[in-house]
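Report on one structure; see the data block that follows.
Read-outs: derived from the displayed coordinates by stated rules, not from any lab. Please read all numbers here as calculations on a predicted model, not as lab measurements. Cβ sites come from the backbone with ideal geometry, for glycine too, and all protein chains shown count toward neighbours.
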Amino acid sequence: MKNFSWRIVLLWSLPLLVVGFFLWQGTFSAPTTNTSMSGNAASTRMTYGRFLDYLNSGRVTSVELYENGRTAIVQAIDPELDNRLQKLRVDLPANSPELITKLREADVDFDYHPPSSDGAVWGLLGNLIFPVILIGALFLLFRRSNNMPGGPGQAMNFGKSKAKFQMEAKTGIMFDDVAGIDEAKEELQEVVTFLKQPERFTAVGAKIPKGVLLVGPPGTGKTLLAKAIAGEAAVPFFSISGSEFVEMFVGVGASRVRDLFKKAKENAPCLIFIDEIDAVGRQRGAGIGGGNDEREQTLNQLLTEMDGFEGNTGIIIIAATNRADVLDSALMRPGRFDRQVMVDNPDIKGRLEILEVHSRNKKIAPEVSLDAIARRTPGFSGADLANLLNEAAILTARRRKDAITILEIDDAVDRVVAGMEGTPLTDGKSKRLIAYHEIGHAIVGTLVKDHDPVQKVTLIPRGQAQGLTWFTPNEDQGLISRSQLMARIAGAMGGRAAEEEIFGSDEVTTGAGGDLQQVSEMARQMVTIYGMSDLGPIALGGQQGSEVFLGAGLTSRAEYSEEVASRIDDQVRQIAEHGHQLARKIVRENREVIDRLVDLLIEKETINGEELKQIVSEYTEVPDKERFVPQI
């Protein structure tokens, strides 16, 4: 932005310099009269003919000549003014050599005043200074344009690599700062050890791996791992994004790949980190326009450099992506990326380690348990957990507290998961209807055995939701049973079931829209993917087309008949209706406790899971779910 501002200033200055040059020339370079002329200047002009008449009649007493004889100030006796002496200005012709002779013959005093030399000096300075300033401005503009992307001086640098290079990268990140992904750290620590102590591996015939591909969802720490490798390795380190290879000009991407590996070979052994490699590494030959586009040429050059005829001895390539399914198979084979390291969302142990890392520089109250936060946040990535503690710290500062307490952690979890807190409802009818809807979810989730325990119920709006019911899983669930899926479907239908049982079918609202979408998706997956229906243990989800650049809707087709499609719809409807009827039955049989909970929720706006379970247990038996209650 700074270079751009300088460029604008210079562009505006050039025309001003040109205008100033001509004004200078017009003001100072023009012939000027002696300063005495301005003092003796006459306001009345006289024609040259009349001047000659006055001269011949003896009325002229003195003449002063200026501007190389082109102007004269004449003192003459004017008969029309009672023969008084008057000063008159006369413009003389350019060629009048006889005038001096006539003045001498008439015995008239005359004097000659040479022109001042100031104008010539200023004109000379103008002719020298302004061209120098103009040339300097053009040179500065051209120089700054060269340093700007796309400037005229960059025409020969398009093919140069934009990778950031450090002989010993000072990232400030070490392996001790990376937590929750121990398996990935172990793989990469081995690479660093290979660079530092290659004799340990070469002694038994091991070869250094050529490439390591980090695969995982966003926010799990892939780029953080690359920074840790750079900090630990103490070898030259190149870092670049996949999108920086490709430009609109043909051949630029391939040229940049060649230049990158040329620099890397000059500094081997070294590390190259390519972030978001899917920008250039997508499968070839699947685009609509054929297989000769600029991105594919860049990928071809990358494949050649990674394991071509010459090889790349001493260069280790580390790449990161969250779209490994779209990468070209030639890029994934051994010899190019020898290792594929999965960097997944952390488990409870990993989340605890990540929280310990991010809480080092934060003031947390002694009663806050990081273990409880880790148990309450299943499915959170490392970036989510860092954001959670940061949001809690922001809330602590906003509330002018000295340390992060239970309340800030609780509000931060709600904000990260559901969004910013809104204004509580004041309308009695709407608030009561939403309260019945949320208590419907909570009562079904509490009384169905295989459902996740209720964490809390609230009427405080967050995001697009006017009220929320939170459920906390007992543990990180990698596998989910059919009974658990059916319980979740019933719990999701609890809000609509409460509206129907309390207010009648004509008064149901649009509040269950999201719940119904969730139910339909779970039921269809049970039928078509997991084989949990009367259709049997077969997968009916269809195959995705191999053209990864086309939309899924253009390339996917159902691998079953219309009759089977009709049966799938029937099964989905039966599963959803089973959960609906179960939810209505629970709401109908527990109307008394629901009314009490609704009144309490309207009064307090938030009920935690333990309080809700205790109230429900006074009216009916609550299934034992071995639930964990986080004591943050």
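The ASP371 and GLU563 beta-carbon pair, evaluated with R₀ = 41 Å, returns a calculated FRET efficiency of approximately 0.15. Computed from backbone phi with θ = phi - 60° and the Karplus coefficients 6.51, -1.76 and 1.60, the 3J(HN,Hα) list for region 599-609 is 4, 5, 5, 5, 6, 9, 6, 8, 10, 7, x Hz; x is used for glycine and proline. Values of log10 I(q)/I(0) for region 296-407 across q = 0.12, 0.20 Å⁻¹ run -0.63, -1.00, by the Debye formula with one identical scatterer at each alpha carbon and no solvent.
Net length available on complete extension from LYS262 to LEU479 is 73.3 nm, with 0.36 nm assigned per residue and the Cα-Cα distance removed. Spin-label pair ASP53-VAL132: with each label point 7 Å from Cα along the Cα-Cβ axis, the two points sit 5.6 nm from one another. Between the amide H of LYS456 and those of TRP470, GLY609, distances stay under 5 Å, these residues lying 5 or more places away or on another chain, with hydrogens modeled in the peptide plane. Shape annotation for region 169-342: C-alpha extents along the principal axes are 47, 35, 29 Å, from largest to smallest. The fraction of all Cα pairs in region 337-486 landing in successive 10 Å bins from 0 to the largest distance is 10, 32, 33, 20, 5, 1, 0, given as whole percents.
Using a Förster distance of 30 angstrom, determine the FRET efficiency expected from the C-beta separation of SER62 and GLU98, and round it to 0.05. Walk me through the numbers on the way to the answer.
Working: r = 19 Å, r/R0 = 0.63.
My answer for the efficiency is 0.95.
Between the amide H of THR71 and those of TYR66, LEU92, distances stay under 5 Å, these residues lying 5 or more places away or on another chain, with hydrogens modeled in the peptide plane. Give the distance, in whole Å, between the Cα centre of region 190-205 and the Cα centre of region 585-622. Distance between centres, Cα-based: 63 Å. So if I take the centroid of the Cα atoms in region 425-475 and the same for region 410-424, what is the distance between those two points in Å? Region 425-475 and region 410-424 have Cα centres spaced 14 Å from each other.
Along its principal axes, region 348-418 has C-alpha extents of 31, 25, 18 angstrom, given from the largest down. The H on the amide N of ASP78, modeled in the peptide plane, is under 5 Å from the matching H of ASN83, ARG84, GLN86, each at least 5 residues off or on a different chain. For the pair GLN581 and ARG45, label points projected 7 Å from Cα toward Cβ lie 11.6 nm apart.
Each of THR71, THR528, THR423 was scored by other Cβ atoms within 10 Å of its Cβ. Arranged with the fewest first, they read THR423, THR71, THR528.
Which value in Å is the Kirkwood Rh of region 402-523 over different Cα pairs?
15.5
Sorting LYS185, LYS265, LYS429 by the number of Cβ atoms found within 10 Å of their own Cβ, with the fewest placed first, yields LYS429, LYS265, LYS185.
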